[in-house]
1. What helices does the chain have that are whole DSSP H segments, at least 20 Å long along their own axis by Cα, and with mean Kyte-Doolittle hydropathy of 1.0 or more?
2. Full extension from Trp312 to Arg119: what is 0.36 nm times the residue separation minus their Cα-Cα distance, to one decimal in nm?
3. Hey, what's the chain come to in accessible area per residue, 1.4 Å probe, Å²?
4. Set the Förster distance to 22 Å, then compute FRET efficiency between Trp35 and Ser82 from the Cβ-Cβ distance, nearest 0.05.
5. For the chain, what % of the accessible area comes from carbon and sulfur atoms, probe 1.4 Å?
6. Could you give the length gained on full extension between Trp52 and Leu354, defined as 0.36 nm per residue of separation minus the Cα-Cα distance, in nm?
7. For a 25 Å ceiling on Cα separation, which of these pairs sit above it: Lys59/Lys127; Lys205/Lys308; Lys140/Lys208; Lys42/Lys205; Lys68/Lys308?
8. Excluding Trp110 itself, what net charge comes from residues whose Cβ is under 12 Å from its Cβ, given Lys and Arg +1 and Asp and Glu -1?
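The values are calculated or read from the model by the stated rules, or taken from the named source; none is laboratory data. Computed from a prediction, not measured in an experiment: that's the story for all the values here. Methodologically, a virtual Cβ is constructed for each residue, glycine included, from the backbone with ideal geometry; neighbour enumeration extends over all protein chains shown. Please note that ligands, DNA and RNA were not included when accessible areas were found on the heavy atoms of the full protein model with its side chains. Shrake-Rupley method; radii C 1.70, N 1.55, O 1.52, S 1.80 Å.
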Amino acid sequence: MVSAADPDPTVTGPVPKPLAPCAWWYGIGDSPTQWEIRSAAKSYDVVVLNAWETAAMRKLHELNPKVKVLVYKDFSSTRNYSGAVEGDRDARYLPTGIGYHAAERTQPGWFAISTLGQRIEWDGYPKHWQMTVWDPAYQKAWADAVVGEVLREGWDGVLADNDFSSLKYYSSAVIAGTADAAGSDRLLRDGLDAMLQLTGDALEKSGKMLIPNVSESQLTPGRWSAHSRYAGAMEENFGLRGDDGTGELITFQGNQFKEQRAQAALGESWLLLITHTKSDKEERVGYASAALLASPHTCWTRAQPDYKNPYWSLYQDARLGEAVETANRLPSGVWNRRYSGGWVAVNPTKTSVLLTPPPGLVTLKGEPVPTQLDLPAADAVVLVNGPKR
């Protein structure tokens, strides 16, 4: 029998602390400069790079062995733009798992076909071609190629893009063999479910990470939890206002935020969050929403508007410290959370709410805070501890 004074034999180390969001870089734009690499090694917990940036990956590992460097690979497409192909050959390092020319010459059946008998090229993304992610042969070939590359080159794992729920954001086509768009989406989701498991099992067995970019998970209860079960998951549209006319934040709709909270509470896997920012308000909302999900591995970044540079936010210098309570949802619908170094609140609703912040707080600029705040709809506040008296 273990007495109260004895350590729990099932505990192998200290419980990880729920810290303020760490920073990460989705660096899939231009090749990083030497300055950016040195900066990333000092500032970021996770960096995602294109497959051909092997030298940058190794330099990051050299400068900071703790940083996780993931290779970008697309689950759902093959590509034949310049760089992905070189003339009539596939490039040595691919942004996908399967090369365009390899599929064209040996497995043309891996190109998805519409009910009109045409290959499906993504709208807005020329020379991106939808593949048959539901085909077990495609799934195995993708997994074998990507896992082999990760092990051979020394990446820490994979950021698998386009683990999506619906084709409609890329094409209005209906996939041959399905009756309508909903049937096409079910086929894709089921295929990606199987693809994720095959790849995730193989990477996990090899001690490597799989983090899919899970989209529209608020539409399908349980999908975020299922698809973050390996090393975590990425949300590319975090903390954004919905386009349904209500003015509410889509992150808090459906089951998504609940599932993300559960993942964060375990403290075992990564939440990689991106907020596309055009204003300080969006930046504030994104960071504060991420702070509601504080864990040892919750990382947040802003994109303004893309990923070409390693952006740093003033909120990442807020020094909130450690969360001292779980995120709380007030009857008004506002969420808040106290930290050792401050306090955050997010109003995801469509109406403004009057709040009473904890005493002794100031703005990030050191300005005093009124006893009551009127927090507008779809807005947030980040406050820090004032000087000790």
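1. none
2. My answer for the length gained is 65.5 nm.
3. Values: 17970 Å² over 389 residues.
Per-residue value: 46 Å².
4. Once rounded, the FRET efficiency stands at 0.25.
5. Numbers: 9340 of 17970 Å².
It is 52 percent, rounded to a whole number.
6. Length gained, Trp52 through Leu354: 103.6 nm.
7. In this structure, Lys59/Lys127; Lys205/Lys308; Lys42/Lys205 exceed 25 Å between Cα atoms.
8. On the way: positive: Arg105, Arg119, Lys140; negative: Glu104, Asp135.
After counting each charged neighbour, the total is +1.
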